[in-house]
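In what follows, a single structure is set out as structure tokens and then discussed.
The values are calculated or read from the model by the stated rules, or taken from the named source; none is laboratory data. Not measured: the values here are computed from a predicted model. Glycine also receives a Cβ, built like all others from the backbone with ideal geometry; neighbour counts cover every protein chain displayed. We work out accessible area using only protein heavy atoms, side chains counted, and drop any ligands, DNA or RNA first. Shrake-Rupley method; radii C 1.70, N 1.55, O 1.52, S 1.80 Å.
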Amino acid sequence: MAGFTTDRPSDKPCPCCGGPNVRVFFGEDSVPRNSCLLLDDPDTAAGFPRGRLDIGFCDDCGFITNTAFEPGSAEYSQRYEETQGFSGRFMEFAKELAQRWVEDYQLHDRTVLEIGCGKGEFLIEMAKAGAGHCIGIDPGVHPERIDDPEAADIEWIIDFYDERYSHLDADVVICRHTLEHIPNVAEFLTSIRKAIGDRPDTVILFELPDVYRVLTEIAFWDIYHEHCSYFSLGSLARVFRQTGFEVVELGREYDDQYLLIAAKPSTVPAAGEPLPEEDDLDDLRRGVEHFRTGYEALVEDWRKRLVELREHDGKAVIWGSGSKGVSFISNLDISDEVVAAVDINPHKWGKFMVGSNHEIISPESLTEIRPELVVAMNPIYLGEIGDDLRKLGVDTTLLAL
Ligand SMILES: [Zn+2]
């Protein structure tokens, strides 16, 4: 087992509230610094730079953070392949969310800035749903890969967002699946708040993973190096208020995997009373304890299953070669027990998974491998994966994390 549980104080203050009461409860000594980079050969994949996890919980504000994270240690570039845009299920959600945001917040013809737009799929959906001028900023965006006519007027900036871009006057600031990659969360939100200045009508819309689910499901595969910051409904709302945003709406989506927050600029700290669902500190304390005490048994359970299959000459593949897959294999500390990682993103085929160096293969390759077991890295895609396997005529056991 590569991970460990512990209970010791961190020597660093909380990067959200500044409080001194952060305790480390989980860690890994050596994890790949990136899990979504495309590597061309197994040696580079196996020898990829590694970092450390010391996951701490702030008893004051509920924020969870990798206290060992070194800013700048994860690479975000055009080699970074994080998109889930090849999944029908994911794109259906993105489309529905874009339409809902445009309707609910009256974003027709308004200027939208998406910070961390990834490969741009969501911003294109916003344009299709009726938003006005759209600007996407991300170090990993590939404008040459985007051929959707609806994207013709979108402005793409291949860079990180920081104060250099505070001149981009937007009516709407969107940030999806990005905040969890930022170590100094309060500082980042403060810079966005500053850039908005005195424009009270600006709408701020964020989406990111919910750590409460990670704790209650002991979803250790959802804890990895690029994610240095982990939020619950309460800890997210608290840091928004603290940095000058009034929380307008707060909730969970996507089978409760993601948090959604809508906010508007306010004073520092923000006006308005906390919403009832923000009162989650006791739940988080219990969740951390549940994770800490249940981790080892769950890892052993999966490990045993895969080792036994291998001993009986059975073959297992994982479905999903991204961060969850890298973290799953790293925690189980296995190698040949998984023969390959399937991915529906054709840009990844023939490449190798960071750290474990498993080859990334197409679903079609399973017709030759004929695995006895397919482990889906996210249960939300079970339907989609099951359909693909049936179409390919691959008869196998399909399980999900
Ligand atoms: Zn805190």
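Tabulated values for the structure
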| quantity | calculated |
| --- | --- |
| Pair list, Cβ under 9 Å, 6 or more apart: region 270-283 residue open to solvent by 50 Å² or more (accessible area, probe 1.4 Å), other residue among the hydroxyl-bearing types (Ser, Thr, Tyr) | Asp283/Tyr212; Asp283/Thr216; Asp283/Ser232 |
| Among (1) modelled with pLDDT of 90 or more; (2) closer than 28 Å to Asn66 by Cβ; (3) of a type in the set (Ser, Thr, Tyr), the one test that Ser166 misses | (1) |
| Pro71 vs. criteria touching an Asp or Glu at 6+ places or on another chain (Cβ under 8 Å), under 19 Å from Val185 (Cα atoms) and surrounded by fewer than 21 Cβ atoms within 10 Å (Cβ to Cβ) | no |
| Filter pass, Gly27 being closer than 27 Å to Gly294 by Cβ and more than 16 Å from the ligand (Cβ to nearest atom) | yes |
| Residue count for region 142-167, restricted to those that are touching a residue at least 40 places away in the same chain (Cβ under 8 Å) and among the hydrophobic types (A, V, I, L, M, F, W, C) | 2 |
| Selection count where residues are within 16 Å of the ligand (Cβ to nearest atom) and open to solvent by less than 10 Å² (accessible area, probe 1.4 Å), scope region 33-60 | 3 |
| Strands (runs of 3 or more DSSP E) completely within region 154-235 that count 1 or more residues being buried (at least 20 other Cβ atoms within 10 Å of the Cβ) and within 16 Å of the ligand (Cβ to nearest atom) | none |
| Residues that are under 22 Å from the mean Cα position of the chain (by Cα), over 16 Å from Leu205 (Cα atoms) and not charged (D, E, K, R), drawn from region 125-142 | Pro139, Gly140, Val141, His142 |
| Subset of region 76-101 (residues that are at pLDDT below 95, touching a strand residue (DSSP E or B) at 6+ places or on another chain (Cβ under 9 Å) and either under 29 Å from Pro9 (Cα atoms) or assigned to a helix (DSSP H, G or I) (or both)) | Phe93, Ala94 |
| Residue that is surrounded by fewer than 16 Cβ atoms within 10 Å (Cβ to Cβ) and either within 16 Å of the ligand (Cβ to nearest atom) or outside any helix (DSSP H, G or I) (or both), where the choices are Pro15, Pro20 | Pro20 |
| Top-ranked residue of region 237-267 - restricted to ones that are more than 16 Å from Cys175 (Cβ to Cβ), assigned to a strand (DSSP E or B) and of a type outside the set (Gly, Ala, Ser), ranked as least open to solvent (accessible area, probe 1.4 Å) | Glu246 |
| Failed item, numbered, when Ser321 is tested on (1) open to solvent by less than 10 Å² (accessible area, probe 1.4 Å); (2) touching a residue at least 40 places away in the same chain (Cβ under 8 Å); (3) among the small types (Gly, Ala, Ser) | (2) |
| Condition met for Gly56 (assigned to a loop (DSSP other than H, G, I, E, B), under 19 Å from the mean Cα position of the chain (by Cα), among the small types (Gly, Ala, Ser) and at pLDDT 95 or above) | no |
| First in region 237-257 and of a type in the set (Ser, Thr, Tyr), second anywhere and within 16 Å of the ligand (Cβ to nearest atom) and not in a strand (DSSP E or B), Cβ under 8 Å, 6 or more apart | Thr243/Ala186; Thr243/Leu189; Thr243/Thr190 |
| Members of region 350-401 that are in contact with an Asp or Glu (Cβ under 7 Å, 6 or more places away or on another chain), open to solvent by 10 Å² or more (accessible area, probe 1.4 Å) and not in a helix (DSSP H, G or I) | Lys351, Phe352, Thr396, Thr397 |
| Test for Asp7: is it surrounded by fewer than 24 Cβ atoms within 10 Å (Cβ to Cβ), touching a residue at least 40 places away in the same chain (Cβ under 8 Å) and within 16 Å of the ligand (Cβ to nearest atom) | no |
| Of all residues in region 313-332 being in contact with a helix residue (DSSP H, G or I) (Cβ under 7 Å, 6 or more places away or on another chain) and assigned to a loop (DSSP other than H, G, I, E, B), the one that is modelled with the lowest pLDDT | Ser321 |
